[in-house]
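Colleague: Here it is: the structure, laid out below.
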Amino acid sequence: MSVPEKKLLLAAPRGFCAGVDRAIQIVEKTLEKYGAPVYVRHEIVHNRYVVENLEQKGAVFVDELNEVPKDAPVIFSAHGVAKSVPAEAESRQMFYIDATCPLVSKVHREAERHDKDGMELILIGHKGHPEVIGTMGQLEEGRISLVETVEDAASFEPRQPGAQLAYLTQTTLSVDETKDIVEKLREKFPDIASPKKEDICYATTNRQAAAKKLAEKCDGMLVIGAPNSSNSMRLVEVAKKNGCERVSLVQRAADIPWDLLEGCNVIGITAGASAPETLVEEVIEAFSKRFTVSIEEVVTSEENVTFKLPRVLEN
Ligand code: 2E4
Ligand code: SF4
């Protein structure tokens, strides 16, 4: 019997962004320089495979600083932290290294600048996400209002009527949905100040554009990523909204929903910014075991962004 054929289309860019690459390197280099154990507050990036790999090398993941012994180094995750976190580390005389993505830190500084200028701030983002907690926590409680939806934008009222408003966003939002929210805010508050350069980062924007293109060409799509990964979840939504009905988030090959993909001949594969290429390879391998596969890459943009490591880890 002949083996059925499947065409796999791989999105490019996909997977690791510069901020994730840097954050993982920070943990690895800290382990090399200071020895295990090295503590990490929160998953360094939202991916079990990455976390477990670092655990094997001696990283210990914790939720809060009080779980860290006083003399061990502690790393803050790529998503950023509220000001209270480094403040607590300092007051306890802990040695910490901040792996916050520089593009998240940029949003933190924007928040501070607007606040100093006396503006009232709106953050567009998802409640409870660590990046949102970190960005809101750059200022005193209550200084930043969270807007999650177009409806929230429509009903938003400034704390001080007539205040000069500015908005910021989480870095991993849906480009299209955020546009709608911003439009609603502008309709209500024509003078609202926007970020000088978009807060939704280059990696989020490029991965969504690639997923859109892929969705037009595929009858099924897999997004490799974790359910708590905001940018990965947005890729699933983008694919569904742009013409691909059968889309699934998979953490790794074992999760591939073969039933859902039954009858699909062209299958798109992409990966969130926190998903390593090994997992893409693992998924391709699983297809190769069942089908005769042909693989094609659909390139929508090239990336060449890199970020420097913190000075303490530079060679
Ligand atoms: C920091 C900022 O934010 P998200 O849930 O998408 O995080 P994840 O760890 O999946 O991706 C890396 C990252 C980290 C993205 N933006
Ligand atoms: Fe930084 Fe963007 Fe990557 Fe988040 S997705 S870590 S903001 S480069």
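Colleague: Within the stretch 23-56, which residues are more than 23 Å from Phe307 (Cα to Cα) and either over 19 Å from the mean Cα position of the chain (by Cα) or within 16 Å of ligand 2 (Cβ to nearest atom) (or both)?
Modeller: Gly35, Ala36, Pro37, Glu55, Gln56
Colleague: Can I ask one more? For Val147, only one of the following conditions fails: (1) touching a Ser or Thr at 6+ places or on another chain (Cβ under 8 Å); (2) open to solvent by less than 20 Å² (accessible area, probe 1.4 Å). What is its number?
Modeller: Among (1) touching a Ser or Thr at 6+ places or on another chain (Cβ under 8 Å); (2) open to solvent by less than 20 Å² (accessible area, probe 1.4 Å), Val147 violates only (1).
Colleague: Still on this model: I need a count of the residues in the stretch 118-138 that are without any contact (Cβ under 8 Å) to a residue 40 or more places away in the chain and either over 25 Å from Ala18 (Cβ atoms) or part of a loop (DSSP other than H, G, I, E, B) (or both).
Modeller: Looking only at the stretch 118-138, we keep the residues that are without any contact (Cβ under 8 Å) to a residue 40 or more places away in the chain, and these are 127-128, 132.
When the remaining residues are screened for being either over 25 Å from Ala18 (Cβ atoms) or part of a loop (DSSP other than H, G, I, E, B) (or both), the result is 127-128.
Qualifying residue count for the region: 2.
Colleague: Where in the stretch 144-235 are there strands (runs of 3 or more DSSP E), lying fully within it, with 1 or more residues that are in contact with a Gly (Cβ under 6 Å, 6 or more places away or on another chain)?
Modeller: Values: elements: 144-147, 165-169, 220-224.
Answer list for the stretch 144-235: 220-224.
Colleague: Can you give me the number of residues within the stretch 83-128 that are closer than 21 Å to Phe61 by Cβ, over 17 Å from the mean Cα position of the chain (by Cα) and crowded, with 18+ Cβ neighbours inside 10 Å?
Modeller: Qualifying residue count for the region: 5.
Colleague: In the stretch 90-117, what count of residues is obtained for those that are more than 15 Å from Thr171 (Cα to Cα) and assigned to a helix (DSSP H, G or I)?
Modeller: Step one: list which residues in the stretch 90-117 are more than 15 Å from Thr171 (Cα to Cα), which gives 90-99, 112-117.
When the remaining residues are screened for being assigned to a helix (DSSP H, G or I), the result is 90-91, 112-116.
Counting residues in the stretch 90-117 that are more than 15 Å from Thr171 (Cα to Cα) and assigned to a helix (DSSP H, G or I) gives 7.
Colleague: Can I ask one more? Considering only the stretch 36-82, how many residues are of a type in the set (D, E, K, R) and either open to solvent by less than 50 Å² (accessible area, probe 1.4 Å) or not in a loop (DSSP other than H, G, I, E, B) (or both)? Quick ask: steps written out before the conclusion?
Modeller: Looking only at the stretch 36-82, we keep the residues that are of a type in the set (D, E, K, R), and these are 41, 43, 48, 52, 55, 57, 63-64, 67, 70-71.
Applying the additional criterion that residues be either open to solvent by less than 50 Å² (accessible area, probe 1.4 Å) or not in a loop (DSSP other than H, G, I, E, B) (or both) yields 41, 43, 48, 52, 55, 57, 67.
Count: 7.
Colleague: Which of the residues spanning the stretch 160-218 are more than 16 Å from ligand 2 (Cβ to nearest atom), within 21 Å of Thr300 (Cα to Cα), without any contact (Cβ under 8 Å) to a residue 60 or more places away in the chain and among the aliphatic types (A, V, I, L, M)?
Modeller: Answer for the stretch 160-218, where residues must be more than 16 Å from ligand 2 (Cβ to nearest atom), within 21 Å of Thr300 (Cα to Cα), without any contact (Cβ under 8 Å) to a residue 60 or more places away in the chain and among the aliphatic types (A, V, I, L, M): just Ala215.
Colleague: Looking for whichever is in a helix (DSSP H, G or I), in contact with a helix residue (DSSP H, G or I) (Cβ under 9 Å, 6 or more places away or on another chain) and open to solvent by 10 Å² or more (accessible area, probe 1.4 Å) here; the options are Arg14, Arg22. Which one fits? Full working, then the answer.
Modeller: On the way: Arg14 fails: in a helix (DSSP H, G or I).
The unique qualifying residue is Arg22.
Colleague: Is it the case that Leu279 is modelled with pLDDT of 95 or more, away from ligand 1 (no atom under 16 Å from the Cβ), open to solvent by less than 10 Å² (accessible area, probe 1.4 Å) and not polar (S, T, N, Q)? So that I can check it myself, show each step before the final result.
Modeller: Working: modelled with pLDDT of 95 or more: yes; away from ligand 1 (no atom under 16 Å from the Cβ): no; open to solvent by less than 10 Å² (accessible area, probe 1.4 Å): yes; not polar (S, T, N, Q): yes.
No, not satisfied.
Colleague: Next question, about the same structure. For the subset of the stretch 48-104 comprising residues that are polar (S, T, N, Q) and touching a Pro at 6+ places or on another chain (Cβ under 9 Å), which member is nearest to Glu140 (Cα to Cα)? Working first, answer last.
Modeller: First pass over the stretch 48-104, keeping only residues polar (S, T, N, Q): 53, 56, 66, 77, 84, 91, 93, 100.
Of the ones still in play, those that are also touching a Pro at 6+ places or on another chain (Cβ under 9 Å) are 53, 77.
Working: Asn53: 37, Ser77: 21 Å.
Within the stretch 48-104, the match that is nearest to Glu140 (Cα to Cα) is Ser77.
Colleague: Same structure, new question: Anything in the stretch 216-226 that is buried (at least 24 other Cβ atoms within 10 Å of the Cβ) and among the aliphatic types (A, V, I, L, M)? List them, or say none.
Modeller: Within the stretch 216-226, Met221, Leu222, Val223, Ile224 meet the criteria.
Colleague: Can you name every residue in the stretch 87-125 that is within 30 Å of Gln160 (Cβ to Cβ) and away from ligand 2 (no atom under 16 Å from the Cβ)?
Modeller: Matches in the stretch 87-125: Ala87, Glu112, Arg113, His114, Asp115, Lys116, Asp117, Gly118, Met119, Glu120, Leu121, Ile122.
The values are calculated or read from the model by the stated rules, or taken from the named source; none is laboratory data. Given the structure is predicted, the values throughout are model-derived calculations rather than measurements. Ideal geometry is used to build each Cβ from the backbone, glycine not excepted, and the neighbour counts take in all protein chains shown. Surface accessibility is based on the protein's heavy atoms, side chains included, excluding ligands, DNA and RNA. Shrake-Rupley method; radii C 1.70, N 1.55, O 1.52, S 1.80 Å.
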